[in-house]
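The next block holds one structure in the form of structure tokens; read it before the comments.
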Amino acid sequence: MDKLAIIDQMQLSKNSSVLILSHFAKRAEAGGGPPQDIRDYLIPKVNKLYYIEHPFLYSDDHRSSLTIYEDGMVKNLMFTPQIFGPGITIYIIQIIITWYFLLLTKTKFDLCVALDNLNTFTVLPLRKFGLIKKLVFYTIDYMPKRFENKTLNNIYHLIDRIACYHSDNIWILSERMIKARKQNNVDIKRSAPSILLPMGANLSEIKILPGKKIHRHDIVYVGYLTEKQGVQLVLKSLPKIISKIPDLKFIIIGQGEYEQKLRELSNNLNINDHVIFKGFVDNHKQVNNILCKSAIGVAPYPPILNNYTFYTDPGKPKLYLGCGLPVVITDLPAIAHVIQSAHAGLIVDYTVNSIAEALVTLLSDDRLYNMFRKNAIELSKQYDTNSLISEAFGKIN
């Protein structure tokens with residue numbers, strides 16, 4: 001079934017009006033994550049698309065925005081001033097901003113895709129009064145203990161339950177989210193139906209290089225730099241790896257609050273000549289090009305209690321696969337076992353010795369590496385972003 005037929009199944013036509021609500025860490029014109037993927041998928045398929053995005057508290061751009069697309073082109077773009085303040089105050093202001101933007105549009109929406117429970121909660125009155133025909137609550141992360149503050153955590157999960165009960169459908173990245181919600185007092189029978197929409201890679205934008213043209217001893221990480229991403233473990237393993245692979249390079253793409261500590265660790269380990277900090281790369285095609293030239297992608301998630309990666313479906317392993325990279329990954333997300341079973345990567349313990357051994361094996365054994373690379377490319381075909389989105393649209397009630 002082609003994609004347009006699936007769009008027709010849920011009674012969306014070229015003349016439909018669609019609203020997308022999201023939060024962002026980094027504002028991205030193309031690519032960048034689930035909200036941008038949904039936006040880019042729908043732009044050529046509907047005449048009118050309204051895209052509202054608000055900054056997370058840690059974003060370096062504190063403006064909310066409304067972008068209106070007509071016939072695939074940007075018709076209007078509006079920004080609020082930079083807004084600062086306490087977290088709760090900011091989120092209340094963002095609710096007001098959403099309502100302000102929606103009043104300006106004077107539009108009834110055939111579909112609204114709201115990413116996260118707060119955005120979904122914000123537009124529930126519009127669904128109640130018929131201004132939104134279908135409401136999809138898109139859950140891209142979920143943790144039973146979202147906040148250390150018990151009161152804030154209870155409020156967060158109350159909003160989540162309300163969003164679950166009053167949406168038409170829920171898109172989830174992982175089946176683990178359903179189990180976690182059930183354990184967190186969400187009545188699954190009362191909740192809207194959940195539809196699995198895992199992370200993927202936009203394969204049409206990736207040009208895999210022949211094996212002879214890659215940098216055989218380059219390993220790469222892409223993503224936000226926090227302690228929970230485990231990049232520090234790779235840095236600590238480099239001295240062992242370099243002793244056997246002297247021309248090794250470790251490329252780190254991304255930025256975050258943990259970046260300075262990673263730079264200090266690299267300096268203290270005296271491995272700066274082998275580590276390249278690229279920072280945030282806003283051109284997604286450039287990110288793909290860097291990955292495609294590399295040999296191995298790393299996803300060393302620490303086994304930290306309440307790590308959101310356990311409940312979600314991280315995007316970086318899928319992106320690595322799509323670029324032809326075998327993946328070295330810890331046993332935290334469910335995708336790790338899929339990758340290892342397909343012989344497209346290796347699961348490692350969260351220890352220096354384990355990750356060093358796995359990386360040295362793949363970096364030095366050409367026959368094994370070529371087999372894993374071939375399997376990674378084949379496995380990635382199951383995770384093409386546009387195909388996954390198309391399938392999810394086809395399942396909306």
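The values are calculated or read from the model by the stated rules, or taken from the named source; none is laboratory data. Because the structure is predicted, anything quoted here is derived from the model rather than measured. Glycine gets a Cβ as well: all are built from the backbone with ideal geometry, and neighbour counts include every protein chain shown.
Counting just the residues of the range 251-262 that are surrounded by fewer than 16 Cβ atoms within 10 Å (Cβ to Cβ) and more than 23 Å from Thr351 (Cβ to Cβ), which one comes out modelled with the lowest pLDDT? Outline the logic, then answer.
As a first pass, look at the range 251-262 and keep what is surrounded by fewer than 16 Cβ atoms within 10 Å (Cβ to Cβ): 257, 260-261.
Subsequent filtering for residues that are more than 23 Å from Thr351 (Cβ to Cβ) retains 257, 260.
Numbers: Glu257: 92, Gln260: 97.
Restricting to residues being surrounded by fewer than 16 Cβ atoms within 10 Å (Cβ to Cβ) and more than 23 Å from Thr351 (Cβ to Cβ), the top hit is Glu257.
In the range 112-134, which residue that is under 22 Å from the mean Cα position of the chain (by Cα), among the hydrophobic types (A, V, I, L, M, F, W, C) and crowded, with 24+ Cβ neighbours inside 10 Å is farthest from His157 (Cα to Cα)?
Result: Cys112.
Within the range 239-249, can you find the residues that are in contact (Cβ under 8 Å) with a residue 40 or more places away in the chain and either touching a His at 6+ places or on another chain (Cβ under 7 Å) or buried (at least 18 other Cβ atoms within 10 Å of the Cβ) (or both)?
Step one: filter the range 239-249 for residues in contact (Cβ under 8 Å) with a residue 40 or more places away in the chain, giving 240-241, 244-245, 248.
Those that are in contact (Cβ under 8 Å) with a residue 40 or more places away in the chain and either touching a His at 6+ places or on another chain (Cβ under 7 Å) or buried (at least 18 other Cβ atoms within 10 Å of the Cβ) (or both): Ile241, Ile245, Leu248.
Given Val281, Val287, which one is surrounded by fewer than 18 Cβ atoms within 10 Å (Cβ to Cβ) and of a type in the set (Val, Ile, Thr)?
On the way: Val287 fails: surrounded by fewer than 18 Cβ atoms within 10 Å (Cβ to Cβ).
The unique qualifying residue is Val281.
Among (1) touching a helix residue (DSSP H, G or I) at 6+ places or on another chain (Cβ under 9 Å); (2) buried (at least 17 other Cβ atoms within 10 Å of the Cβ); (3) more than 25 Å from Ala25 (Cβ to Cβ), there is one condition Ile178 misses while meeting the rest; what is its number?
Among (1) touching a helix residue (DSSP H, G or I) at 6+ places or on another chain (Cβ under 9 Å); (2) buried (at least 17 other Cβ atoms within 10 Å of the Cβ); (3) more than 25 Å from Ala25 (Cβ to Cβ), Ile178 violates only (1).
Does Leu124 satisfy the condition of being modelled with pLDDT under 95 and hydrophobic (A, V, I, L, M, F, W, C)? Can you show your working first?
On the way: modelled with pLDDT under 95: no; hydrophobic (A, V, I, L, M, F, W, C): yes.
No: the conditions fail for Leu124.
Taking the criterion of being out of contact with any His (no Cβ under 6 Å at 6 or more places or on another chain), free of Cβ contacts under 8 Å to residues at least 12 places away in the same chain and either in the same structural domain as Ser64 (by TED's automatic domain parsing) or among the aliphatic types (A, V, I, L, M) (or both), would at least one residue in the range 158-166 satisfy it?
So the first thing to find is which residues in the range 158-166 are out of contact with any His (no Cβ under 6 Å at 6 or more places or on another chain), and the list is 158-166.
Among the residues that remain, those that are also free of Cβ contacts under 8 Å to residues at least 12 places away in the same chain are: 158.
Subsequent filtering for residues that are either in the same structural domain as Ser64 (by TED's automatic domain parsing) or among the aliphatic types (A, V, I, L, M) (or both) retains 158.
Among the residues of the range 158-166, at least one is out of contact with any His (no Cβ under 6 Å at 6 or more places or on another chain), free of Cβ contacts under 8 Å to residues at least 12 places away in the same chain and either in the same structural domain as Ser64 (by TED's automatic domain parsing) or among the aliphatic types (A, V, I, L, M) (or both), which makes the answer yes.
Report, by residue number, each residue of the range 192-227 that is among the hydrophobic types (A, V, I, L, M, F, W, C) and farther than 17 Å from Trp171 by Cβ. Step through it out loud before you land on a result.
Taking the range 192-227 and keeping what is among the hydrophobic types (A, V, I, L, M, F, W, C), we get 192, 195-197, 199, 201, 203, 206, 208-209, 214, 219-220, 222, 225.
Those that are among the hydrophobic types (A, V, I, L, M, F, W, C) and farther than 17 Å from Trp171 by Cβ: Ala201, Leu203, Ile206, Ile208, Leu209, Ile214, Ile219, Val220, Val222, Leu225.
Please enumerate the residues belonging to the range 123-158 that are farther than 20 Å from Leu196 by Cα and in contact with a Leu (Cβ under 6 Å, 6 or more places away or on another chain). Walk me through it before giving the result.
Here is the first cut: in the range 123-158, the ones farther than 20 Å from Leu196 by Cα are 123-133, 145-158.
Across the range 123-158, the qualifying residues are Arg127, Ile132.
Can you tell me which residue in the range 12-49 is modelled with the lowest pLDDT, limited to those that are assigned to a loop (DSSP other than H, G, I, E, B) and polar (S, T, N, Q)? If you could, list the steps in order and put the result at the bottom.
To start, the set of residues in the range 12-49 that are assigned to a loop (DSSP other than H, G, I, E, B) comprises 12-16, 25-33, 43-47.
From what is left, the residues that are polar (S, T, N, Q) are 13, 15-16, 47.
Details: Ser13: 79, Asn15: 87, Ser16: 91, Asn47: 91.
Among them, the one singled out is Ser13.
How many of the residues in the range 75-91 are surrounded by 13 or more Cβ atoms within 10 Å (Cβ to Cβ) and either touching a Phe, Trp or Tyr at 6+ places or on another chain (Cβ under 7 Å) or not aromatic (Phe, Trp, Tyr) (or both)?
Of the residues in the range 75-91, the ones surrounded by 13 or more Cβ atoms within 10 Å (Cβ to Cβ) are 78, 80, 83, 90-91.
Among the residues that remain, those that are also either touching a Phe, Trp or Tyr at 6+ places or on another chain (Cβ under 7 Å) or not aromatic (Phe, Trp, Tyr) (or both) are: 78, 80, 83, 90.
Final tally of qualifying residues: 4.
Scan the range 179-218 for residues that are among the β-branched types (Val, Ile, Thr) and either at pLDDT 95 or above or outside the structural domain of Ile20 (by TED's automatic domain parsing) (or both) and jot them down. Before the answer, list the steps.
First, pick out the residues of the range 179-218 that are among the β-branched types (Val, Ile, Thr): 186, 188, 195, 206, 208, 214.
Answer for the range 179-218, where residues must be among the β-branched types (Val, Ile, Thr) and either at pLDDT 95 or above or outside the structural domain of Ile20 (by TED's automatic domain parsing) (or both): Ile195, Ile206, Ile208, Ile214.
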